[in-house]
1. Being touching a residue at least 60 places away in the same chain (Cβ under 8 Å), under 20 Å from Y202 (Cβ atoms) and not small (G, A, S) narrows it down to one of D57, D93, so name that one.
2. Taking into account only those residues within segment 252-292 that are surrounded by fewer than 15 Cβ atoms within 10 Å (Cβ to Cβ) and in a helix (DSSP H, G or I), which is modelled with the lowest pLDDT?
3. Within segment 136-233, which helices (runs of 4 or more DSSP H) (wholly inside it) include 2 or more residues that are touching a residue at least 40 places away in the same chain (Cβ under 8 Å)?
4. Determine whether M223 is in the same structural domain as I106 (by the TED database), surrounded by 15 or more Cβ atoms within 10 Å (Cβ to Cβ) and within 22 Å of the chain's Cα centre (by Cα).
5. Taking the condition of being in contact (Cβ under 8 Å) with a residue 60 or more places away in the chain and either buried (at least 17 other Cβ atoms within 10 Å of the Cβ) or in contact with a helix residue (DSSP H, G or I) (Cβ under 8 Å, 6 or more places away or on another chain) (or both), how many residues in segment 78-89 meet it?
6. Which one of the conditions (1) under 29 Å from T287 (Cα atoms); (2) surrounded by fewer than 19 Cβ atoms within 10 Å (Cβ to Cβ); (3) in contact with a Ser or Thr (Cβ under 7 Å, 6 or more places away or on another chain) does D124 fail to meet, given that it meets all the rest?
Amino acid sequence: MIRNITRFVLEKSPVCLTTRILSYPVFMPYYHIVSNERLPHVSSLHYYKNNNQFLKDLDFLLFHFEPISLKDLIDAVENKKKIKKQSVLFTFDDGYAEQFSVIAPILYKKGIPAVFFITTNFIDNKELGFRNKASIIIDYLEKNQKIINKFCKKYLTDIRSNKNNYKIFLLSINYKTRALLDEIANFLGIDYSHYLNKYKPYLKSDDIDKLIKMGFFIGSHSMDHPDYSELSLNEQIEQTLESIAFLQSRFSLSYRVFSFPFSDNGIKKDFFKAIEGSLDLSFGNSTDSMKKAYWNLRRYNFERLSISSREFFNRIVVKEMLNKYFL
């Protein structure tokens, strides 16, 4: 009952009222990629919007919010300044090539500041993320149906084989067991190096230099995109500080920002105490992000495809309200 009433009220409420429920006065959506193409290294991982869908998001959010730059946000947080206007900061994770070829030109033309959080080991297509490897394998099996039974007999011996179980199995392989994806690729004859060289899925150093010259901001998204909840405290610190140090050195950055790969859910306060002073801001996506550190801000995934930008935004606010007042 509470959920239905809350949902009804918010769907009828002006955005200017619903934003007051958010945990921070700046709304920070995050995306991974925008493309009109089907991309094998991403297509099995999450939804992503095409150019027109992304433009509709921008139109909606810019009608209700004033863009804010990362530097202004850092200043506001560090100096505890009140942000008077309803503001929005667009952010993008993982460092995919389309962030330069598709997203940046759209934002630049509209004069919208943004932050691109980059997984540093992937720059210049030197390495392929383990989740991207899983997606590539799934794409390969979908295109080669006759091989699925052979694959299932070898790797799914304890699981009843059907058309979906191999996907579930591949996507369940985590950071600690990621070497299995290399073994599977060898078994199937998939060459990751060939994929990197042919498709170049990630940003090049030159792309990042150009993004900076265009006025965009660059942040760290770890070294190789692990789930931080699977790492020891020392590993979490290493992934964060080494990736930030690399970006600062290579691209002469005067600021230090970081977004958690996957989520900051389950990350203990010991981590934030250990890196305090080494970052200007960090960005999570859990309901208690700001409870862990005042400079750890919450972002919201804005990549759902089946509903309008407004309805998607209101659903986010509904969840915030339920978490804040009822759960």
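The values are calculated or read from the model by the stated rules, or taken from the named source; none is laboratory data. For clarity, every value in this text was computed on a predicted model and none was experimentally measured. Cβ coordinates were reconstructed from backbone atoms using ideal geometry, including for glycine residues, and neighbour counts include every protein chain displayed.
1. Values: D57 fails: under 20 Å from Y202 (Cβ atoms).
From the options D57, D93, the qualifying one is D93.
2. K291
3. Working: elements: 148-155, 165-172, 179-188, 192-199, 205-213.
Helices (runs of 4 or more DSSP H) meeting the threshold: 165-172, 179-188, 192-199, 205-213.
4. Details: in the same structural domain as I106 (by the TED database): yes; surrounded by 15 or more Cβ atoms within 10 Å (Cβ to Cβ): yes; within 22 Å of the chain's Cα centre (by Cα): yes.
So M223 passes the test.
5. First, the residues of segment 78-89 that are in contact (Cβ under 8 Å) with a residue 60 or more places away in the chain: 78, 86-89.
Now narrow it down to the ones that are either buried (at least 17 other Cβ atoms within 10 Å of the Cβ) or in contact with a helix residue (DSSP H, G or I) (Cβ under 8 Å, 6 or more places away or on another chain) (or both): 86-89.
Qualifying residue count, segment 78-89: 4.
6. Only one criterion in (1) under 29 Å from T287 (Cα atoms); (2) surrounded by fewer than 19 Cβ atoms within 10 Å (Cβ to Cβ); (3) in contact with a Ser or Thr (Cβ under 7 Å, 6 or more places away or on another chain) is unmet by D124, namely (1).
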